[in-house]
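Before any comments, here is the structure.
The values are calculated or read from the model by the stated rules, or taken from the named source; none is laboratory data. Being a predicted model, the structure only gives us computed values, none of them experimental. Cβ placement follows ideal geometry from the backbone for every residue including glycine, while neighbour counts extend to all protein chains displayed. Please note that ligands, DNA and RNA were not included when accessible areas were found on the heavy atoms of the full protein model with its side chains. Shrake-Rupley method; radii C 1.70, N 1.55, O 1.52, S 1.80 Å.
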Number of protein chains: 6
Amino acid sequence: MRAKKRAAETILTEQVMLTYTNHYGTLYGGKLLELMDKAAFIATSRFAHSDTVTASSESVDFHHPIRFGDIIELAAKVIFTGRTSMVVRIHAFGEGRRDHKKFLATTGYFNMVAVDEQGRPKEVPELILETEEERREWETGKRIKELSEERTARKGRGGS
Amino acid sequence: MRAKKRAAETILTEQVMLTYTNHYGTLYGGKLLELMDKAAFIATSRFAHSDTVTASSESVDFHHPIRFGDIIELAAKVIFTGRTSMVVRIHAFGEGRRDHKKFLATTGYFNMVAVDEQGRPKEVPELILETEEERREWETGKRIKELSEERTARKGRGGS
Amino acid sequence: MRAKKRAAETILTEQVMLTYTNHYGTLYGGKLLELMDKAAFIATSRFAHSDTVTASSESVDFHHPIRFGDIIELAAKVIFTGRTSMVVRIHAFGEGRRDHKKFLATTGYFNMVAVDEQGRPKEVPELILETEEERREWETGKRIKELSEERTARKGRGGS
Amino acid sequence: MRAKKRAAETILTEQVMLTYTNHYGTLYGGKLLELMDKAAFIATSRFAHSDTVTASSESVDFHHPIRFGDIIELAAKVIFTGRTSMVVRIHAFGEGRRDHKKFLATTGYFNMVAVDEQGRPKEVPELILETEEERREWETGKRIKELSEERTARKGRGGS
Amino acid sequence: MRAKKRAAETILTEQVMLTYTNHYGTLYGGKLLELMDKAAFIATSRFAHSDTVTASSESVDFHHPIRFGDIIELAAKVIFTGRTSMVVRIHAFGEGRRDHKKFLATTGYFNMVAVDEQGRPKEVPELILETEEERREWETGKRIKELSEERTARKGRGGS
Amino acid sequence: MRAKKRAAETILTEQVMLTYTNHYGTLYGGKLLELMDKAAFIATSRFAHSDTVTASSESVDFHHPIRFGDIIELAAKVIFTGRTSMVVRIHAFGEGRRDHKKFLATTGYFNMVAVDEQGRPKEVPELILETEEERREWETGKRIKELSEERTARKGRGGS
C-alpha cells in the first residue's frame, strides 16, 4: 500500500548579494527563479525521499522587488501529489536588513517528478491534508496540474 | 499615435559549463530559467526601446535535458503586446557538441512590463503580425495574459 | 534601559552544487566558511535589528565531509552577547539526498559586532537564557569571547 | 576527398551583469576574453562538427568600453582554415540598453584546432569563400596564422 | 627516517572584484575565508607534497576592511607540524589600488591534515626552524594545535 | 623629469577549481585569459602606481593544458614601456597537485595604458633594464607594440 505523509515547509535563507542584482539595484528575476528551483528540488526530495526533476515551472508572480543587502526567505511546500508528480508552492519573502519587516515578494509553483536511479518516474507518498489552508492549496495545485496537462494535450494536437 | 512594429528574434548561444549542471550531469532547471529571464529582458528591451521588468514567468515546460558540454540556443520573441506589457516566448534548443543536431529542450513564456526611468509602466509599440505563425503565437500570448489576469483577480478576492 | 531578547535559530538550506566541490567530490572548506559567514550575518542582524560585521571567525571544526548533490542545513544562533558584540554558533548538517539522514558535519563560532550607519559599534539587546542548553552555550560563547580578547591583548604586547 | 563548406556566423547575446564589471563600471577585459573564447569554441565546433581546443588567442583590440546594464553581442565566424586548424574572428558589439544603438567594441582572433576523442588534431572542412569580405578576412586570417607560426619557429631557435 | 624541510611562503594575489563585496563596499568576510582556505590548501600541499584537507579553521581576526577595487595579497606559511597535521598561518594584506600602500587586514590559522589517495592521514616532513620569527610562530602554532585538541577532548566528555 | 624604475614580478597562485574546467577536464582557455588579464592589471598598476586599462591582449600561446585540481601560478612583469603604455608578459605555470612539478603552460602579452581618474592616458615611469633577459624581453615587447600600431594604422586605411 502507498505511503501517506504530511508535508513540512523547507526554509532557504539568503542575503541579496551584489551578484544577485540587476541594473535596478534589486534581486533579478532570473536569480530568484534559480533559488525557487533549488527550493523546489529540496522540498520534493525531502517529501519523496528520492531524486526529483523539474517537469515545469508554472506561474511565478513577482509582486515586490527585494533590494540589495536585504534578506530573502523562501518557504517551499509540497501542496499536491499525483502518482509520481508533486506540485510545490514557493513563497519568497523579502526582509529589511535593519528593520526585519517581512513582505511577500514572489509566489511560484513548480511541477516536479520523482525519479529512480535510472531516471524513470517513481511513485511518491500521498499527501495528507489536515488544515483548511492545506485543502485550499491542494485545489490550487490541482488546477496547476490540470493546466499543465492541457498544455501537453494541445501540443499533441499540433497547437503551440 | 502609437507606434507599430514587427518583432525580431533574439538569439542567445551558450555552452553548458560544469557550473550549470546538476547531479544528473545535465543543465539544471534553475540555470535555464535564469538564461530565459535574461533572454526575455533583452528581447523586450529591444522591442520597446526601454527598460523592462519581469512581471511573471508563466509555464516553462522542460521537454528534454541538455547535457554537459553541449550547446544551448535560446530564441526569444515578443508574441503579444498590451498597452505597457509584452508576452515573450522563449524556445531553448539543445545542440550536440559534435553532431550539432538540434532539438527543442524547453519552451517558456514571460510577462514583461516596459518601465521608464522612475520605474513606472510605459507604453510599448503595437505588435504587427504578418505570418500565420505570428497570429497563432499571438493567441497563445493572449491566453497567457488572461491566465495571469485571472490569478490577479482571484488574489484580489482572497484566493491563492 | 537596555532591551532583553531571546534568540531564534536562523536556518539556511542549500544543495551542494558542483561549484561548491573540491577535487575530492565534497563541499570544500572555503565554501562552507562562506556559507557560515552569511549565516552569522543574518542571525545577528535579525537579533540586533542592525547591520553587523565579522570581527573574527573562531574555531570551525570540520567533522564530516558533505558530498556533491547532498543537502546542507546551517542552523545559526546568537549564544552570547557583550555590549556591542555577539558570539554566534553555527552547526552545519549534511543530509543525504535520497535517504535524508542528517549528520553534524561542522560546528563553528563567529564574533560579530553591531554597527550603525557610520560603521560605529552599536549596543545590542541582552540575550535571555531559558533552557539548560542555552546556558551551556553561553559558557562556550563566553570562553570564545575571552580567547579573542586574550589574542588582542597579546598582540598589544607585541606577540603574534 | 576533403569536404568544403561555407561558414555561418555564431551569435552570442548577453547583458553586462554587475559581476562582469570592473571598478570603472564597465565590462572588464578578462570577462570579455572569456566570452570570446566561448564564442570561438562554439563557432569552430559548429564549422568542424568536432570538439576544438584553443591553440592561441591572437590580437584582441579593445576599442570602446561597454557599460554596466548594456547589451553585448558577439559575432564569431571562421575566416581561415588550415588542415586541422581554423582562425576565427570575433566582433563584440555594445548596444545601449535603452536606445539600442550598436557600436563595435572589440575585435579579436583565435587560433583553434579540431581534435578527435583522444585529443589528436583532426582534419577540418575547407572554407568556401564567396563574398569580397570573406576573401579579405581570409587574408587577415592567413597573416595571423603566419605570425603564430613565426612565434613557434622563434621559440624553436631559443627566442622568446 | 622522517624528512625535514623548511617552509616557503605561498603568495596569492587578487583584486577585490564587485562579486567579492558586501553591502558596505568592502571585501566580505566569507569570501576572504574562502581565499584563506585556498591558500592553506596550496601552502600545505606544497610543503607535504600531498593532498591535504582542512581539519579546522582557527581564529581569523579581521583587523581592517579591504575596499572594492583594491588588491589583496595572501601570504600563507606552514608554522607547525605534527605527525600528519600542519598549522598554517595566513596574513591577508590590503594594498591601495593607486598608492599601493600595504596594510595587514586579517590574520588567520588553519589546521590541515595530509592525506593519501584513500583519504587516510599521511606523515608530513618535520618543519625546520631557522629564524627567530619561525620559532615564535611555531609557539603560536603549537598553542593553536593544543586548543583544537582540548576542544576534541571536551567533546568526547559530552561538552559543547 | 620622468621617473625611472625596475619592474618586479607579480605572482598569482590559484587552484584549478571545477568551475574553471571545460568538458576535457582541464582549465579552459577563457578562464585562463581572465586570470591573465587580472595579473596584467595588478602588475601594471603596481608599476605605474595608477589605474590601468587593457588596450589589447596580444598573442597568448596555450602550450600545455592544466588539469583539474592542479595549481596555477601566474608570473606577470612589465617588459616594455612607452609614454603612457606598458607591455606586460605573463607566464602561466601548471604545478602538479601532489608532485609539485612545474611546467610552462601558457605565455601571453597584454598592452596596458595608465589612466588618471578621468580615464585619460597618463605618463608611466621609464623601465630600467638590468639583466640580459630584461633586454631580450624588451625587444619582444617592442615588436608587440609595433604590431599593435600597425593594426591601428591598417584600420585607419580601411583594412580589417
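Go over the candidates C:E123, C:E95 one by one and state the one that is touching a residue at least 24 places away in the same chain (Cβ under 8 Å), closer than 30 Å to A:A39 by Cα and among the charged types (D, E, K, R). Talk me through it step by step, then tell me what you get.
Values: C:E123 fails: closer than 30 Å to A:A39 by Cα.
Residue meeting the stated conditions: C:E95.
Which of the residues belonging to segment F:105-159 are closer than 29 Å to D:G25 by Cα and of a type in the set (S, T, N, Q)?
F:T107, F:N111, F:Q118, F:S148, F:T152
Residues to consider are D:L33, D:L12; find the one that is part of a strand (DSSP E or B) and in contact (Cβ under 8 Å) with a residue 24 or more places away in the chain. Can you show your working first?
On the way: D:L33 fails: part of a strand (DSSP E or B).
Result of the check over D:L33, D:L12: D:L12.
Kindly evaluate B:A8 against the criterion of being touching a strand residue (DSSP E or B) at 6+ places or on another chain (Cβ under 7 Å) and among the small types (G, A, S). Talk me through it step by step, then tell me what you get.
Working: touching a strand residue (DSSP E or B) at 6+ places or on another chain (Cβ under 7 Å): no; among the small types (G, A, S): yes.
No.
Would you check which residues across segment D:101-153 are farther than 17 Å from D:S59 by Cβ and in contact with a Ser or Thr (Cβ under 8 Å, 6 or more places away or on another chain) and list them?
D:V113, D:A114, D:V115, D:D116, D:P121, D:K122, D:E123, D:V124, D:P125, D:E126, D:L127
Identify all residues within segment B:69-112 that are aromatic (F, W, Y), in contact with a Lys or Arg (Cβ under 9 Å, 6 or more places away or on another chain) and farther than 22 Å from B:I128 by Cα; write none if there are none.
Across segment B:69-112, the qualifying residue is only B:F93.
Applying the selection to segment F:44-77, what residues are farther than 22 Å from F:G96 by Cβ and not in a strand (DSSP E or B)?
Selection gives F:T44, F:S45, F:R46, F:F47, F:A48, F:H49, F:S50.
Here are the criteria: (1) over 19 Å from D:I11 (Cα atoms); (2) among the polar types (S, T, N, Q); (3) touching a residue at least 24 places away in the same chain (Cβ under 8 Å). Tell me which single one D:Q118 does not satisfy.
(3)
Restricting attention to segment C:63-80, which residues are open to solvent by less than 10 Å² (accessible area, probe 1.4 Å) and more than 14 Å from chain B (Cβ to nearest Cβ)?
C:L74, C:A75, C:A76, C:V78, C:I79
Conditions (1) over 20 Å from C:T10 (Cα atoms); (2) out of contact with any Phe, Trp or Tyr (no Cβ under 7 Å at 6 or more places or on another chain); (3) of a type in the set (A, V, I, L, M, F, W, C), marked per residue:
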position: C:A43; (1), (2), (3): no, yes, yes
position: C:A48; (1), (2), (3): no, yes, yes
position: C:R89; (1), (2), (3): no, no, no
position: C:K122; (1), (2), (3): yes, yes, no
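Search segment F:83-93 for residues being part of a strand (DSSP E or B) and over 30 Å from F:T26 (Cβ atoms), and hand back the single one that is nearest to the chain's Cα centre (by Cα).
Going residue by residue through segment F:83-93, those that are part of a strand (DSSP E or B) are F:85-93.
Imposing the further condition that a residue be over 30 Å from F:T26 (Cβ atoms) reduces the set to F:85-86.
Values: F:S85: 13, F:M86: 10 Å.
Filtering segment F:83-93 for residues that are part of a strand (DSSP E or B) and over 30 Å from F:T26 (Cβ atoms), the one nearest to the chain's Cα centre (by Cα) comes out as F:M86.
Identify all residues within segment D:114-132 that are assigned to a loop (DSSP other than H, G, I, E, B) and either of a type outside the set (D, E) or under 14 Å from the mean Cα position of the chain (by Cα) (or both); write none if there are none.
Kept after step one, since they are assigned to a loop (DSSP other than H, G, I, E, B), are these residues of segment D:114-132: D:116-120, D:122-125, D:128-131.
Result: D:Q118, D:G119, D:R120, D:K122, D:V124, D:P125, D:I128, D:L129, D:T131.
Tally the residues that are open to solvent by 30 Å² or more (accessible area, probe 1.4 Å), assigned to a strand (DSSP E or B) and within 14 Å of chain F (Cβ to nearest Cβ), restricting the search to segment E:94-113.
1
Select from segment A:15-30 the residues that are assigned to a helix (DSSP H, G or I) and among the aromatic types (F, W, Y) and list them in ascending order.
Residue satisfying the conditions is A:Y20 alone.
Would you pick out the residues in segment D:118-128 that are touching a Lys or Arg at 6+ places or on another chain (Cβ under 9 Å) and either within 14 Å of chain B (Cβ to nearest Cβ) or surrounded by fewer than 19 Cβ atoms within 10 Å (Cβ to Cβ) (or both)?
If the condition is that a residue be touching a Lys or Arg at 6+ places or on another chain (Cβ under 9 Å) and either within 14 Å of chain B (Cβ to nearest Cβ) or surrounded by fewer than 19 Cβ atoms within 10 Å (Cβ to Cβ) (or both), then D:P121, D:E123, D:V124, D:P125, D:E126, D:I128 are the ones that fit.
Kindly check whether there is at least one residue in segment D:129-140 that is crowded, with 24+ Cβ neighbours inside 10 Å and either within 14 Å of chain A (Cβ to nearest Cβ) or out of contact with any Leu (no Cβ under 8 Å at 6 or more places or on another chain) (or both). Don't jump to the end; show me each part of the working.
Initial filter on segment D:129-140 (crowded, with 24+ Cβ neighbours inside 10 Å): none.
Within segment D:129-140, not a single residue is crowded, with 24+ Cβ neighbours inside 10 Å and either within 14 Å of chain A (Cβ to nearest Cβ) or out of contact with any Leu (no Cβ under 8 Å at 6 or more places or on another chain) (or both).
Return the only residue of D:F80, D:F41 being part of a helix (DSSP H, G or I), hydrophobic (A, V, I, L, M, F, W, C) and under 16 Å from the mean Cα position of the chain (by Cα).
Numbers: D:F80 fails: part of a helix (DSSP H, G or I).
Testing whether each residue is part of a helix (DSSP H, G or I), hydrophobic (A, V, I, L, M, F, W, C) and under 16 Å from the mean Cα position of the chain (by Cα) leaves just D:F41.
Restricting attention to segment B:81-93, which residues are open to solvent by 20 Å² or more (accessible area, probe 1.4 Å) and either of a type in the set (K, R) or at positive phi (or both)?
Residue satisfying the conditions is B:R83 alone.
Just name the residue that is most open to solvent (accessible area, probe 1.4 Å) out of those in segment E:1-59 that are of a type in the set (D, E) and more than 7 Å from every other protein chain (Cβ to nearest Cβ).
Going through segment E:1-59, the residues of a type in the set (D, E) turn out to be E:9, E:14, E:34, E:37, E:51, E:58.
Applying the additional criterion that residues be more than 7 Å from every other protein chain (Cβ to nearest Cβ) yields E:9, E:14.
Details: E:E9: 91, E:E14: 10 Å².
The extreme case among them is E:E9.
Under 6 Å between Cβ atoms, at least 6 apart or on separate chains: pull out the pairs that start in segment B:137-155 with a residue that is closer than 16 Å to A:R154 by Cα and end on any residue that is at pLDDT below 90.
Final answer for the pair search is B:T140/A:S160.
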